[in-house]
1. Could you let me know the centre-to-centre spacing of the range B:56-134 and the range B:15-44, using Cα atoms, in angstrom?
2. Which of B:ARG143, B:ARG25, B:ARG183 ends up with the largest GNM mean-square fluctuation for chain B, with Cα atoms connected below 10 Å?
3. I need to check one value: relative contact order of the range A:147-276, counting alpha carbon pairs closer than 8 Å and at least 6 residues apart, in percent.
4. Hey, could you pull the Cα Rg and Dmax for the range A:147-276, both in Å?
5. How about the range B:174-214: which of its residues lose at least 30 Å² of accessible area in the presence of all protein chains relative to their chain isolated, using a 1.4 Å probe?
6. Determine the sum of side-chain charges near B:SER129: Lys and Arg each +1, Asp and Glu each -1, restricted to other residues whose C-beta is under 10 angstrom from that of B:SER129.
7. Could I have the simple spin-label model distance between B:MET1 and B:ASN77, label points 7 Å from Cα toward Cβ, reported in nm to one decimal?
8. Between A:ILE262 and A:THR199, what is the FRET efficiency for a Förster distance of 25 Å, r being their Cβ-Cβ separation, to the nearest 0.05?
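The values are calculated or read from the model by the stated rules, or taken from the named source; none is laboratory data. Since the model is a prediction, treat every value here as computed from it, not as a measurement. Cβ coordinates were reconstructed from backbone atoms using ideal geometry, including for glycine residues, and neighbour counts include every protein chain displayed. Ligands, DNA and RNA are stripped out before the accessible areas are found, and what is left, the full protein with its side chains, is counted by its heavy atoms. Shrake-Rupley method; radii C 1.70, N 1.55, O 1.52, S 1.80 Å.
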Amino acid sequence: MALSYQKEDGSDLQLVAKIDNANIVLHLLKTISFRETATVCASANGLKVTVEEGKTLQANAFIQAEFFQDYHIKEEVLTFKINLWVLVECLSIFGSRSSPGMSAALKLMYNGHGSPLVLLLEEGGAVTDCKIVTRDACESLDFNFSSDRVVNKLIMRSECLREVFSELDQSSAFLSFHITTSPANLRLSTSGNYGVVQTDIPGDSEMIETFKCSSATSHSYRMSLLHTTFKALAAAQKVSLRVDERGFMCLQFMIKAEGNEIAFVEFFCCPEEELMD
Amino acid sequence: MKFRGKIIEIGCIRQFTQLITDVSRLAKSCILRLNSNHVCLVVSDGGALGGTPGLWAELEQQHYFSEYSMEGVSEENQIFLELQTDKLAKTLSSLRSSQSTRSLKIKLTKKLSPCLTFEIELPSASGRSRLVLHDVPVSLIPRRLWAAHQEPRMSHQFDVSIYLPPIKTLRHVVDRMKTFSSRATLSGSRSGTLVVSVSNSEVAASTHFRNLTVPAWDADRNDDPETAYGTSVDIKKLSSFLQGDHNTAKVICNIVSGRLVHLFLMQEGITLQYFLPAVSAP
């Protein structure tokens, strides 16, 4: 549905992006909305929205330029900090579920440092415009997670992890991931008020698509940090789990957005042992 | 004083109970006015004598009740009662969505004190009906206080009148805007545009509805149809009005700039008026 209402001429703006279905952006942002503040980094590739939990966890949602019907950026990189909860509310203004044939169209506009993020949403002839205050972005954490230092990598169907996560003993402060080579196995364990609970997912299970394990690893992560991944997990079709030599974990969720685009949301999580230092 | 009425049409039962719920969202107590043609529910904002009421609902007795008889006070043959809305709404809440209620009987009774007795007839497994009775205490309002609860006479000339867009869309928008501020500004122009807007320190959001119908009686005004007249109102009260099952209703929004928003809902057998006074910035 094309936007018929144009308030500003897009040609002078530093960033203009148009998408026919605002829900694609909305649902992706919802998966990382565990904190109020997000950093948006716009480049020719698209938008990367980052949310952090202290210095221990970072979530990134990628809204690729290809998702948009129109995407123009004047600078190489534009970054700003924004209230993510307000952004999500604005994107949901016409309702967050598309009825067949009806979805809100979105135009995003940003004119550089200090200017607000302007959203124009249109559905059924009604138009909403929102101006959201932006602030200077602080430098995002760099977890220094590189593919060549990955020790173990698993790709599995998300329903497997969803089931395990839904049954976790919440009285345990940590969730431990033990990956072994022989036998090829992923073990998740908790230690809480009810004792120790272990769940094994064998490497040859039909739920696991890829199991590349070079050496056994065993690391624990704070349960509260892992909770932040639940929304992304609920929306995902597949999950990739990677652990590097320091025990840092990267969970990457593959999400099929409305309109069949494939989007990625990733979480970097610091192991408890690192935090104890 | 006597009153006895029976509603048997399921749609009417649901509508009646929905109305009670709407009223209970607005205020803790309301006035029930009964005469031979109408049942009225009145909520006065702040209860000031002579003040503009917050809500006035008028139900055509013939549309709702299959049986209706009353004997009121005075030549006007009226009964004025005051009742607590939250208790009543709780009592009737199951009827809002019930598919199987057979009938709803309402009677003025005297138990230890005057009550409105609601007799709900429901089907049961045995095939015969099952009756559930609720007694809701009421207080009778003496004649000398009736003047405070008269039908509102609008003393203000409206600046603009405009039909609301589809309630469902407006409801979504207002519900999201509730998270930004406690007040929303409603602004209308005779060209058929209605704007709802909110703002706070982080965000300013406004939704524009265009090509809305404007009632014909405004036709001989001389000023520019693009001029917009707006009033800021309590967003929770506005949202409350939009919650009801009013999909088939037509609603006129009358705005007195800076003072009042008057919402006038018309549906078969019922008219409902909401008065939202202007609220100042917090």
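1. If you average the Cα positions of each part, the centres end up 12 Å apart.
2. Checking each option, the largest mean-square fluctuation is seen for B:ARG143.
3. Normalised by residue count, the contact order of the range A:147-276 is 28 percent.
4. For the range A:147-276, the Cα-based Rg and Dmax read 14.2, 45 Å.
5. At a threshold of 30 Å² (probe 1.4 Å), the residues of the range B:174-214 that become less exposed are B:ARG176, B:PHE180, B:GLU202, B:VAL203, B:ALA204, B:SER206, B:THR207, B:HIS208, B:ARG210.
6. +2
7. The modelled label-to-label distance comes out at 1.8 nm.
8. 0.35
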